[in-house]
Amino acid sequence: MPGTTTTTAVDLTEFSAARGGSRRLTGHLTRPAGTGPWPGVVVVHEALGVNDVMHRQTERLAKAGYLVVMPDLFTDGGTVRCLVPTFRAALSGHGRAFRDIEAARARLAQDPDCTGRIGIIGFCMGGSFALLAGSDGAFDAASVNYGRPPKDLDGALDGSCPVVASYGARDRTLPGVARKLEASLDRLGIVHDVKEYPEAGHSFLNDAEIGPRALRPLMRVAGIKPHPESAVDAWQRIDGFFATHLKAEGRKG
């Protein structure tokens with residue numbers, strides 16, 4: 001994927017405040033090389049927040065031809081104060097973080113370099129947000145990566161946009177989730193591509209280990225680590241799915 005992307009810090013406070021979200025919200029906007037317009041993608045970071053791995057994920061998407069915004073859901077209070085309420089929002093489908101994600105989507109939608117077709121992708125905690133944020137009609141496609149689903153899957157997903165989802169069979173925190181999610185999407189008649197990778201665990205799409213170095217051996221035992229072979233296939237599926245639902249249909253509206 002040739003070309004050099006450019007990443008700049010963006011202030012999303014105007015958009016979040018107008019929607020009852022965070023009093024202060026920042027993020028990162030990554031532009032592809034060349035001339036737009038491009039489809040947009042909102043990236044929702046994992047539980048440990050915005051880090052180098054998440055930045056590389058946004059750069060990868062930009063190199064694939066998407067205008068990308070990654071909001072920092074921990075801006076207004078920091079990771080320690082924000083983590084628990086943000087997790088609760090991810091599982092309930094309600095809360096400030098969803099309004100912040102909508103703020104990021106609105107920032108893309110008003111950008112003259114965006115076609116108006118916008119997807120969402122999330123990792124870990126962000127996968128839960130991507131799954132639920134795709135159900136209100138605001139997004140055109142959602143990529144859910146090892147996101148925990150709500151208890152009432154059918155109720156939460158009714159009316160969802162197309163979903164591509166990836167899970168690891170060795171993820172001890174999410175046993176059987178891929179099967180349950182696929183069954184729900186089948187019942188609801190939602191376009192989807194759900195796959196569970198036998199050799200992968202949690203966070204297998206990351207290209208490097210994350211978290212405090214002292215805890216990484218425990219995380220490996222728990223199956224929280226990269227699995228490059230599975231990641232290659234998962235990204236091929238995501239790329240193809242987003243191309244179909246975000247690129248192939250052209251400018252929106």
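The values are calculated or read from the model by the stated rules, or taken from the named source; none is laboratory data. Quick caveat, the model's predicted, so the values are computed rather than measured. Cβ sites come from the backbone with ideal geometry, for glycine too, and all protein chains shown count toward neighbours. Heavy atoms of the whole protein, side chains included, go into the accessibility calculation; ligands, DNA and RNA do not. Shrake-Rupley method; radii C 1.70, N 1.55, O 1.52, S 1.80 Å.
Residue check: is V84 under 19 Å from G122 (Cα atoms), at pLDDT 95 or above and among the β-branched types (V, I, T)? Here the answer is no, as V84 does not meet what is asked.
Is the stretch 20-30 home to any residue that is modelled with pLDDT of 95 or more and closer than 21 Å to Y146 by Cα? Among the residues of the stretch 20-30, not one is modelled with pLDDT of 95 or more and closer than 21 Å to Y146 by Cα, which makes the answer no.
For the stretch 110-146, the set of residues classified as hydroxyl-bearing (S, T, Y) and either assigned to a loop (DSSP other than H, G, I, E, B) or surrounded by fewer than 24 Cβ atoms within 10 Å (Cβ to Cβ) (or both) consists of T115, S135, Y146, listed by residue number. Taking the stretch 194-211 as the range and being at pLDDT below 95 and acidic (D, E) as the test, the residues that pass are D207, E209.
Taking the conditions exactly as written (within 19 Å of H245 (Cβ to Cβ) and touching a residue at least 40 places away in the same chain (Cβ under 8 Å)), does P37 satisfy them or not? Against the criterion (within 19 Å of H245 (Cβ to Cβ) and touching a residue at least 40 places away in the same chain (Cβ under 8 Å)), P37 qualifies. Has the stretch 170-181 got at least one residue that is open to solvent by 10 Å² or more (accessible area, probe 1.4 Å), closer than 29 Å to D76 by Cα and of a type in the set (V, I, T)? Scanning the stretch 170-181, I find at least one residue that is open to solvent by 10 Å² or more (accessible area, probe 1.4 Å), closer than 29 Å to D76 by Cα and of a type in the set (V, I, T), so the answer is yes.
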